[in-house]
């Protein structure tokens with residue numbers, strides 16, 4: 001039943017080649033365990049596709065704006081309506097792209113290693129850093145917990161869980177309906193958000209699964225000129241509905257964090273709102289992507305540093321909160337809101353730059369070679385690659 005094991009040194013069969021992504025699939029990782037997009041038609045690993053870098057940068061700017069507006073939107077219906085619109089799709093867009101570049105994930109050791117170094121380790125470091133920052137800012141009694149994500153760190157916790165479940169979504173017959181069913185269950189389960197922010201993990205899950213199901217032609221479809229034109233009235237309608245929703249809809253629905261009961265609504269509204277918000281998120285994400293440039297721009301290179309901008313801009317926002325900067329902006333009305341918008345966009349842009357990446361790479365993309373066992377097959381392949389070089393050097397070539 002089992003092949004006999006060969007004697008050491010007598011198996012001369014060539015080692016298995018290193019696996020490479022399938023055509024049209026994700027490319028080598030850049031950060032946080034994500035995959036590096038490439039230009040259409042380019043050879044694997046030769047170039048990044050600027051469209052996805054542009055999309056990630058613009059999405060992270062919207063994330064920073066949303067976090068900044070949350071501190072000044074009170075008594076400003078226009079800003080709060082815009083805030084509701086942005087919160088409908090900015091994280092779904094980011095999560096859909098993350099799912100798209102997680103399509104090749106499996107339980108292969110090298111990919112698990114990247115998941116640990118690019119997601120788990122940054123989560124632990126920034127969870128502790130944000131907790132200490134909060135304690136020294138005046139909340140000395142708050143405990144430091146590694147199972148209760150604080151502020152921005154929930155996304156890393158969620159990404160770790162989602163990516164581990166990727167093989168399951170490749171296996172099931174109807175992945176998106178199943179994910180939506182799980183999200184609806186999460187929307188009626190009280191107290192689920194107490195550990196690992198499972199409320200968000202479950203309610204944002206369909207966005208990740210949708211990303212897993214997408215193909216390059218789907219992104220090409222939303223980038224057509226017709227879709228770009230149609231997105232204008234769609235966004236106009238969204239802004240009008242966002243303005244209307246301020247006094248009529250609890251803003252907690254847009255966070256995808258709480259159960260219907262936690263928001264004071266009947267339990268049956270949870271599944272309905274899950275479907276409604278997901279549909280709006282997909283529609284607005286498609287409209288958003290239709291306006292993302294497909295060419296290289298001045299901010300394309302910043303798309304490789306969005307994890308840095310995401311995790312670091314929270315310190316800027318919280319510092320501004322604790323020092324009263326947002327109170328000052330609120331007193332100046334529209335001028336203050338405009339100043340906050342410009343400064344938030346500038347701050348997150350700066351935090352995505354290469355100098356900042358070099359400084360914080362130890363926390364975002366640690367190597368940690370000492371913590372992992374060496375893959376014997378990979379080491380053998382490396383020796384095979386080096387043998388011709390040594391032979392040439394010995395022959396004086």
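The values are calculated or read from the model by the stated rules, or taken from the named source; none is laboratory data. Keep in mind that this is a model prediction, so the values were computed, not measured. For neighbour counting, all protein chains shown are included, and Cβ atoms are generated from backbone atoms with ideal geometry for every residue, glycine included.
General observations
- So residue 358, is it modelled with pLDDT of 90 or more, over 30 Å from residue 217 (Cα atoms) and exposed (fewer than 11 other Cβ atoms within 10 Å of the Cβ): yes
- Contact map, the stretch 239-250: first residue part of a helix (DSSP H, G or I), second residue surrounded by fewer than 16 Cβ atoms within 10 Å (Cβ to Cβ), Cβ cut-off under 7 Å, separation 6 or more or different chains; pairs are 243/77; 243/78.
- Filter result for the condition that a residue is assigned to a helix (DSSP H, G or I), within 18 Å of the chain's Cα centre (by Cα) and crowded, with 18+ Cβ neighbours inside 10 Å, over 344, 281, 337: 281
- Condition check for residue 360: within 27 Å of residue 119 (Cα to Cα) and either assigned to a helix (DSSP H, G or I) or in contact (Cβ under 8 Å) with a residue 12 or more places away in the chain (or both): yes
- Qualifying positions in the stretch 159-191 - buried (at least 22 other Cβ atoms within 10 Å of the Cβ) and either at pLDDT below 95 or over 18 Å from residue 100 (Cβ atoms) (or both): 183, 186, 187
- Matching residues, the stretch 62-75, being closer than 15 Å to residue 339 by Cα and touching a residue at least 60 places away in the same chain (Cβ under 8 Å): 64, 65, 67, 68, 69, 71, 72
- Residues satisfying the stated conditions in the stretch 176-192, i.e. part of a helix (DSSP H, G or I) and farther than 14 Å from residue 253 by Cβ: 176, 177, 178, 179, 180, 181, 182, 185, 192
- A search for C-beta distances below 8 Å between a residue of the stretch 310-323 that is at positive phi and in contact (Cβ under 8 Å) with a residue 12 or more places away in the chain and any residue that is in a helix (DSSP H, G or I) and surrounded by 19 or more Cβ atoms within 10 Å (Cβ to Cβ), counting only pairs 6+ apart in sequence or on different chains, returns nothing.
- Residue within the stretch 211-227 that is surrounded by 15 or more Cβ atoms within 10 Å (Cβ to Cβ), within 22 Å of the chain's Cα centre (by Cα) and within 17 Å of residue 277 (Cα to Cα) present: yes
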